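Trainee: The structure that follows is given in the form of structure tokens.
Read-outs: derived from the displayed coordinates by stated rules, not from any lab. Just so it is clear, the structure is predicted and the values come from calculations on it, not from any experiment. All Cβ positions, even for glycine, are placed from backbone atoms using ideal geometry, and neighbour counts span all protein chains on display.
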Amino acid sequence: MSAGAWGKERKQHELLKLFALDVPEEELCEIRQLLAQHFAEKATEEMDRFAAEEGLTAEDVERWAHEHERRATGGR
């Protein structure tokens, strides 16, 4: 097994152990919320890094958030 695959498997195992604990549903919801917050912050940091590298303004990023990419649907 490659090092990358083993690392992924280990991480998945750790999460399974966490969710296997006998904790109330409310606490599981809190844990899920913490994980969601963590990954949202990581995504924001990465977008900020990308915007800085590309010289994008906050207005550019905001405009992208509201753009709709139109594609030909073949009459559908």
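Trainee: What list of ³J(HN,Hα) couplings, whole Hz, do you get for the stretch 48-55 from phi and the Karplus terms 6.51, -1.76, 1.60, once you set θ to phi - 60° and write x for glycine and proline?
Mentor: Per residue, the Karplus-derived 3J(HN,Hα) values read 4, 4, 4, 4, 5, 5, 8, x Hz.
Trainee: Between residue 27 and residue 43, what is the label-point separation in nm under the 7 Å Cα-to-beta-carbon projection?
Mentor: If labels sit at residue 43 and residue 27, their model points lie 2.8 nm apart.
Trainee: Rounded to whole Hz and in sequence order, give me ³J(HN,Hα) for the stretch 27-36 from the Karplus expression 6.51 cos²θ - 1.76 cosθ + 1.60, θ = phi - 60°, writing x for Gly and Pro.
Mentor: Ordered by residue, 3J(HN,Hα) equals 5, 4, 4, 5, 5, 4, 5, 4, 5, 4 Hz.
Trainee: Can you tell me the alpha carbon radius of gyration of the stretch 23-68 divided by the globular rule-of-thumb value 2.2 N^0.38 Å?
Mentor: 1.64
Trainee: Residue by residue through the stretch 56-68, what is 3J(HN,Hα) from phi via Karplus (6.51 cos²θ - 1.76 cosθ + 1.60, θ = phi - 60°)? Round to whole Hz and write x for glycine and proline.
Mentor: For the stretch 56-68, the Karplus-derived couplings read 7, 9, 4, 5, 4, 5, 5, 4, 4, 5, 10, 6, 10 Hz, x marking Gly and Pro.
Trainee: Excluding residues on the same chain fewer than 8 positions from residue 17, give the aspartates and glutamates whose Cα lies under 18 Å from its Cα.
Mentor: 9, 25, 26, 27, 30
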